[in-house]
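The values are calculated or read from the model by the stated rules, or taken from the named source; none is laboratory data. Everything numeric in this text was worked out from a predicted model, so none of it was measured. Note: ideal-geometry Cβ built from the backbone for every residue, glycine included; neighbour counts use all protein chains shown.
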Amino acid sequence: MTGATLDIILLAAKIGVVFLVILTLAAYLVFAERRVLAWIQDRKGPNRVGPQGLLQPLADLIKMLAKEDFRPAGADKWLFYLAPAMAAIPAILTFAVVPFGAPLTLFGHALPMQVADLHVGLLFFMALSSIAVYGVALGGWASNSKYALLGAIRGLAQLISYELSMGLSLVPVVMLARSFRLSDIVNAQANGWFILYQPLAFVIFLVSIIAECKRVPFDIPEAEGELVAGFHTEYSGMRFGLFFVGEYINIIVLGGLAATFFLGGWRGPVLPPIVWFFIKVFAFAFFFIWMRGTMPRLRYDQLMHFGWKVLTPLALVNILATGWWLMLF
């Protein structure tokens, strides 16, 4: 077997494993959220299907597949069908550049524990995070529903409020690592996680990814109490399921990126690297769930005010302070 053939086989295997793991984790993250929220609210949550309710995600999948795939009469057919895929696919593609473990040696080859180790991995993430909002915008516009359209407009207003501050919060990370490659960023934290040097950048990035996931207190495009279900009001069956699962895939991916940029990625003592990586990812997931169980929703004008007048100026000041510190020390 030639080296090129082996590389293709290993790449295909990594893609298959990552895809399977992400979808499984997303399904069980829904179950975990329902159980944790039940614990917060002093109730039981799903506990009937399977031992301790562990087969509930499978039951939900069967229910989604069995539901009628409805399309409003006045909807734009092709955009209506395309929007759910545009909500889920960018999140899955983003995970391709996330290193989830230390490189392994297999058959004499070094096997990176990521699908693609791009030189511009950070820019790849930023590009895909900008594309993801098209699923929200197209889904709301193509549905021919005022509630869905209002949700889509809120989603676009939210994007321009957090996207700039999220990008600016990562500039100090690039300055410290001197690379856009995510594996280099992890290796640069061998002697200390970047959260120790950049706590402000970490807080700005954390707030921004909460808005990116459309989670409480930034679930403004959905806002069930105001817009029925927001941008996906008119979706049913597996098309609604794609929107729903896409949100939880985003939680896993963005939790992995936050761990990569600020918490040393897969680095940690005693335990295997991949275990450390997923511990950090699940810690972010629990934090997102806890926020949903405790925080009220902001108005979208409050989010825009917070993004433009608080987060963006702080991120710019942090970049200047980081540059000054690097010049001196």
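In this structure, does P112 turn out to be crowded, with 20+ Cβ neighbours inside 10 Å, of a type outside the set (F, W, Y) and either closer than 26 Å to F205 by Cα or at pLDDT 80 or above (or both)?
Details: crowded, with 20+ Cβ neighbours inside 10 Å: no; of a type outside the set (F, W, Y): yes; either closer than 26 Å to F205 by Cα or at pLDDT 80 or above (or both): yes.
No; evaluated as a whole, the condition is false for this residue.
In this structure, is R297 part of a loop (DSSP other than H, G, I, E, B) and in contact with an Asp or Glu (Cβ under 9 Å, 6 or more places away or on another chain)?
Working: part of a loop (DSSP other than H, G, I, E, B): yes; in contact with an Asp or Glu (Cβ under 9 Å, 6 or more places away or on another chain): yes.
Yes.
Taking the conditions exactly as written (of a type in the set (A, V, I, L, M, F, W, C), in a helix (DSSP H, G or I) and in contact with a helix residue (DSSP H, G or I) (Cβ under 7 Å, 6 or more places away or on another chain)), does I319 satisfy them or not? It is true that I319 is of a type in the set (A, V, I, L, M, F, W, C), in a helix (DSSP H, G or I) and in contact with a helix residue (DSSP H, G or I) (Cβ under 7 Å, 6 or more places away or on another chain). Based on what the data block shows, is R267 surrounded by 13 or more Cβ atoms within 10 Å (Cβ to Cβ), outside any helix (DSSP H, G or I) and among the basic types (K, R)? Considered against the rule, which asks whether it is surrounded by 13 or more Cβ atoms within 10 Å (Cβ to Cβ), outside any helix (DSSP H, G or I) and among the basic types (K, R), R267 comes out as yes.
If you go through segment 54-75 and keep only what is assigned to a helix (DSSP H, G or I) and within 24 Å of the chain's Cα centre (by Cα), you end up with Q56, P57, L58, D60, L61, M64.
State yes or no: is R292 surrounded by 22 or more Cβ atoms within 10 Å (Cβ to Cβ), touching a helix residue (DSSP H, G or I) at 6+ places or on another chain (Cβ under 8 Å), of a type in the set (K, R) and part of a helix (DSSP H, G or I)? Before you say what the answer is, go through the steps one by one.
Working: surrounded by 22 or more Cβ atoms within 10 Å (Cβ to Cβ): no; touching a helix residue (DSSP H, G or I) at 6+ places or on another chain (Cβ under 8 Å): yes; of a type in the set (K, R): yes; part of a helix (DSSP H, G or I): yes.
No, not satisfied.
S130 meets all of the listed conditions (1) more than 18 Å from L93 (Cβ to Cβ); (2) among the polar types (S, T, N, Q); (3) without any contact (Cβ under 8 Å) to a residue 60 or more places away in the chain; (4) in a helix (DSSP H, G or I) but one, namely (1). The set of residues in segment 23-71 being closer than 29 Å to T94 by Cβ, surrounded by fewer than 17 Cβ atoms within 10 Å (Cβ to Cβ) and of a type in the set (F, W, Y) consists of Y28 alone.
Output the residue which, of all residues in segment 210-237 that are outside any loop (DSSP other than H, G, I, E, B) and of a type in the set (A, V, I, L, M, F, W, C), is modelled with the highest pLDDT. So the residue we want is I210. When the criteria are applied in full, A127 fails the requirement of being over 30 Å from P269 (Cβ atoms), of a type outside the set (D, E, K, R) and crowded, with 16+ Cβ neighbours inside 10 Å.
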